[in-house]
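*Asks:* I am attaching a structure below and will ask some questions about it afterwards.
The values are calculated or read from the model by the stated rules, or taken from the named source; none is laboratory data. Small disclaimer: the values here were computed from a predicted structure and weren't measured. All Cβ positions, glycine included, derive from the backbone under ideal geometry; neighbour counts span all protein chains shown.
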């Protein structure tokens, strides 16, 4: 039975919770009361049929992006595809890697269009789309283990920063990871970009061939996973310091490349209690030097 | 109750809760992390159930999917939510306040709902099986997996009653019996089918809200009435179309020509001779042994209950319809020159009346009422002075619900209640290895009444706090159940 979507005002009287199938959004808007009201209406209206629209093209969205893969038609689906396109040349990726971020962006866009807002965010299970009017800023907490949230740092994002998307990926989240990172948090221009990049960097934090890491085919867990029979991480033993560093270095190398290419602004990688940060990320100290391509 | 069986592929289930339609393997969840394949059953895994009144008011739970244009931007307010005890947990056996003591304001009245799951050692189910078939003698043991878990009690109108479970079967006759009893009544309470066998009787497949299956035969209809009542109801329709009608019934078999209804119409005597014990004219007890044949008797050949026709009264060509009380069995005869009944094809004019009998039979169902008693420590979770809770319930100041469903509270001592399990959200019942059943129970009353009976006021939380703190599963209020927080008519919990 198709379960009706949920919409409710959370008890703080400020945040709206929208949920439909796997889409689970918390959103909040700041502005004049009438504007906030209009934004809430717009968000609910945008959610109307959004999941159904995506599911119509689910087969395309679950297929690896390549030169011959068909272009989806829906606006959100095309945004997903565009966000993962830069990675399609050198690795396996499907538009699903950006679904959460793209949905958050789409709902946020409808809110911003509906009324003048000072600030707004749409948080789709950790993938967050932001709106900031000039002079405004957000402070966002960062956790290293999404399954056991505890704040390890905060990041302040101001209107002048080129950041409107925050995404976190890792092996404890709702999606599977090919890597071993507990979490990778990415700041990027848009939520869909951040989402795709978080997936890529989290996959890169890895120790290929390590005997203690338990990996199983994705489709043995979820028969219709877009990852097919690719091995996804189920368990990681306690790693030696050297192993941990090796895995983080692999991820940082990938992240550094993305920063250098201007695809992301910053990344924070977490593995077994160690956090490495690249790019400017608020209160988290930048641990890695970045070579930016001045000619890009 | 599930609407339709989910689509399966081997042991995988296709979830249809949203258009993603995940295939979910046993033990795994779908993409939403909300639905799980639990050993072949698709279940929602958010544990704690909160009823949503929106549906009770005839409004959709959420407006925006189909009717985004109509939505006024105001989400469902907390006043429409009722926190059930399903999944709430319990503080038993400690004398501690119940897991949830929820305050809310309803139409300006401060209300309190004490929410806990009760562990019921004193509990069982009363099962009503709509059938005329003989399930077994009164007091016969009823078995599940060979173990006695209850007994046949009274025959009621068109149905047989079974009493299953109870403290003696749960804890009084050894571990094996207790475990099997617990399993069977738990399954019945959760709407699952259970096969029961009656000593010297039938095998019945019982499932709450579904037709019973007696000895492998699906029971579709309740009898229209006893044999005598059936004569009374249909005499007019038979009059002039047939000379004699016999309605075979395990309780009272009716004979048209002798029955008061036939006499009034002027039906001629036929010289029929019935076996059995005549009660009043045209009404016969004990025409045959009870069984699973015609009309709840053991009869396979209806002529076996007739003696020879009286040659002084009967005549060659006399026509006779014999029919069971559900119309499922019928036969038509005409007397030959020796006044012996010979089976003939049913004339069209009578076929209509047979259909009419069937049509007037209600669908046969098995119905299951859970019955349990709230003991001392459960009441202590509500108040420091447990007897006051009992008095408050008796005085109809406290409204008792089971998973939000209305209950009947027995008069007399204790808080012993009965609830129709089909009115409780699915899978609301659990068990502990004691063995005993775990059932949700909620006590709702006005705040001032709660304070007066020594309630744990210090442990109260507001509805908003509870909704914010718990990852509760929201369900629409079941159709037909009164809203538990409606403040005015607590008396309805008394039947």
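*Asks:* Within segment B:443-469, work out how many residues are surrounded by fewer than 20 Cβ atoms within 10 Å (Cβ to Cβ) and in a strand (DSSP E or B).
*Replies:* 3
*Asks:* Can you name every residue in segment B:171-182 that is without any contact (Cβ under 8 Å) to a residue 60 or more places away in the chain and surrounded by fewer than 19 Cβ atoms within 10 Å (Cβ to Cβ)? Show your work before the answer.
*Replies:* Pass one, segment B:171-182, residues without any contact (Cβ under 8 Å) to a residue 60 or more places away in the chain: B:172-177, B:180.
Within segment B:171-182, B:172, B:173, B:174, B:175, B:176 qualify.
*Asks:* Name the residues in segment B:1-19 that are at pLDDT 65 or above and within 11 Å of chain A (Cβ to nearest Cβ), would you?
*Replies:* First, pick out the residues of segment B:1-19 that are at pLDDT 65 or above: B:7-19.
Answer for segment B:1-19, where residues must be at pLDDT 65 or above and within 11 Å of chain A (Cβ to nearest Cβ): B:9, B:10, B:11, B:12, B:13, B:14, B:15, B:16, B:17, B:18, B:19.
To keep it simple, each residue is scored yes or no on (1) within 17 Å of the chain's Cα centre (by Cα); (2) touching a residue at least 60 places away in the same chain (Cβ under 8 Å); (3) in a helix (DSSP H, G or I); (4) assigned by TED's automatic domain parsing to the domain that holds residue A:104.
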| site | (1), (2), (3), (4) |
| --- | --- |
| A:176 | yes, no, no, no |
| A:220 | no, no, yes, no |
| A:239 | no, no, no, no |
| A:243 | no, no, yes, no |
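*Asks:* May I pose another question? Filter segment A:217-232 for residues that are in contact with a helix residue (DSSP H, G or I) (Cβ under 8 Å, 6 or more places away or on another chain) and crowded, with 17+ Cβ neighbours inside 10 Å; which is nearest to the other protein chains (Cβ to nearest Cβ)?
*Replies:* Our first condition is that a residue be in contact with a helix residue (DSSP H, G or I) (Cβ under 8 Å, 6 or more places away or on another chain); within segment A:217-232, this holds for A:224-232.
Keeping just the survivors that are crowded, with 17+ Cβ neighbours inside 10 Å gives A:224-227, A:232.
Numbers: A:224: 5, A:225: 9, A:226: 10, A:227: 12, A:232: 13 Å.
The residue in question is A:224.
*Asks:* Something else about it: Give the number of residues within segment B:20-39 that are surrounded by fewer than 20 Cβ atoms within 10 Å (Cβ to Cβ), at pLDDT below 80 and in a loop (DSSP other than H, G, I, E, B).
*Replies:* Going through segment B:20-39 one residue at a time, the tally reaches 2.
*Asks:* Going through segment B:352-389 one residue at a time, which ones are touching a strand residue (DSSP E or B) at 6+ places or on another chain (Cβ under 9 Å), surrounded by fewer than 20 Cβ atoms within 10 Å (Cβ to Cβ) and without any contact (Cβ under 8 Å) to a residue 60 or more places away in the chain?
*Replies:* B:354 - this is the single residue of segment B:352-389 that is touching a strand residue (DSSP E or B) at 6+ places or on another chain (Cβ under 9 Å), surrounded by fewer than 20 Cβ atoms within 10 Å (Cβ to Cβ) and without any contact (Cβ under 8 Å) to a residue 60 or more places away in the chain.
*Asks:* Take segment B:259-282 and flag every residue that is farther than 14 Å from residue B:321 by Cβ and crowded, with 23+ Cβ neighbours inside 10 Å. Explain how you work it out, then say what you get.
*Replies:* Looking only at segment B:259-282, we keep the residues that are farther than 14 Å from residue B:321 by Cβ, and these are B:260-261, B:263-266, B:268-269, B:271, B:273-282.
Residue satisfying the conditions is B:282 alone.
*Asks:* Next question. State whether the residues of segment A:173-187 include one that is crowded, with 17+ Cβ neighbours inside 10 Å, in contact with a strand residue (DSSP E or B) (Cβ under 8 Å, 6 or more places away or on another chain), more than 22 Å from residue A:84 (Cα to Cα) and within 14 Å of chain B (Cβ to nearest Cβ).
*Replies:* There is no residue in segment A:173-187 that is crowded, with 17+ Cβ neighbours inside 10 Å, in contact with a strand residue (DSSP E or B) (Cβ under 8 Å, 6 or more places away or on another chain), more than 22 Å from residue A:84 (Cα to Cα) and within 14 Å of chain B (Cβ to nearest Cβ).
*Asks:* So residue A:39 ticks every box in (1) more than 15 Å from the chain's Cα centre (by Cα); (2) more than 14 Å from every other protein chain (Cβ to nearest Cβ) but one. Which box is left unticked?
*Replies:* Only one criterion in (1) more than 15 Å from the chain's Cα centre (by Cα); (2) more than 14 Å from every other protein chain (Cβ to nearest Cβ) is unmet by residue A:39, namely (2).
*Asks:* If you don't mind, another one. Being in a helix (DSSP H, G or I) and out of contact with any strand residue (DSSP E or B) (no Cβ under 6 Å at 6 or more places or on another chain) is the filter here; which residues of segment B:218-244 pass it?
*Replies:* B:229, B:232, B:233, B:234, B:235, B:236, B:237, listed by residue number.
Residue-wise test of (1) over 19 Å from residue A:94 (Cβ atoms); (2) touching a residue at least 60 places away in the same chain (Cβ under 8 Å); (3) assigned by TED's automatic domain parsing to the domain that holds residue A:85.
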position: A:155; (1), (2), (3): yes, yes, no
position: A:179; (1), (2), (3): no, yes, no
position: A:193; (1), (2), (3): no, yes, no
position: A:196; (1), (2), (3): no, yes, no
position: A:211; (1), (2), (3): yes, no, no
position: A:230; (1), (2), (3): no, yes, no
position: A:235; (1), (2), (3): yes, no, no
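*Asks:* Out of B:90, B:131, I need the residue that is in contact with a helix residue (DSSP H, G or I) (Cβ under 9 Å, 6 or more places away or on another chain) and modelled with pLDDT of 65 or more. Which one?
*Replies:* Working: B:90 fails: modelled with pLDDT of 65 or more.
Going through B:90, B:131 in turn, just one is in contact with a helix residue (DSSP H, G or I) (Cβ under 9 Å, 6 or more places away or on another chain) and modelled with pLDDT of 65 or more: B:131.
*Asks:* Give just the number: which of (1) at pLDDT 85 or above; (2) in a loop (DSSP other than H, G, I, E, B) does residue A:193 not satisfy?
*Replies:* Among (1) at pLDDT 85 or above; (2) in a loop (DSSP other than H, G, I, E, B), the lone unmet condition for residue A:193 is (2).
*Asks:* From the list A:52, A:20, which residue is without any contact (Cβ under 8 Å) to a residue 12 or more places away in the chain, within 28 Å of residue A:196 (Cβ to Cβ) and either facing another protein chain (nearest Cβ under 8 Å) or surrounded by fewer than 22 Cβ atoms within 10 Å (Cβ to Cβ) (or both)? Spell out the reasoning first.
*Replies:* Details: A:20 fails: without any contact (Cβ under 8 Å) to a residue 12 or more places away in the chain.
Just a single option satisfies the conditions, and that option is A:52.
*Asks:* Do any strands (runs of 3 or more DSSP E) lying entirely in segment B:349-442 carry at least 3 residues that are over 17 Å from residue B:121 (Cα atoms), and which ones are they?
*Replies:* Result: B:366-374, B:399-402.
*Asks:* Identify the single condition in (1) modelled with pLDDT under 95; (2) in contact with a helix residue (DSSP H, G or I) (Cβ under 8 Å, 6 or more places away or on another chain); (3) outside the structural domain of residue B:165 (by TED's automatic domain parsing) that residue B:263 does not satisfy, given that it satisfies every other one.
*Replies:* All conditions pass for residue B:263, except number (2).
*Asks:* Working carefully through the options A:29, A:44, find the one that is facing another protein chain (nearest Cβ under 7 Å) and surrounded by 19 or more Cβ atoms within 10 Å (Cβ to Cβ). Show your work before the answer.
*Replies:* Working: A:29 fails: facing another protein chain (nearest Cβ under 7 Å).
Answer to the check: A:44.
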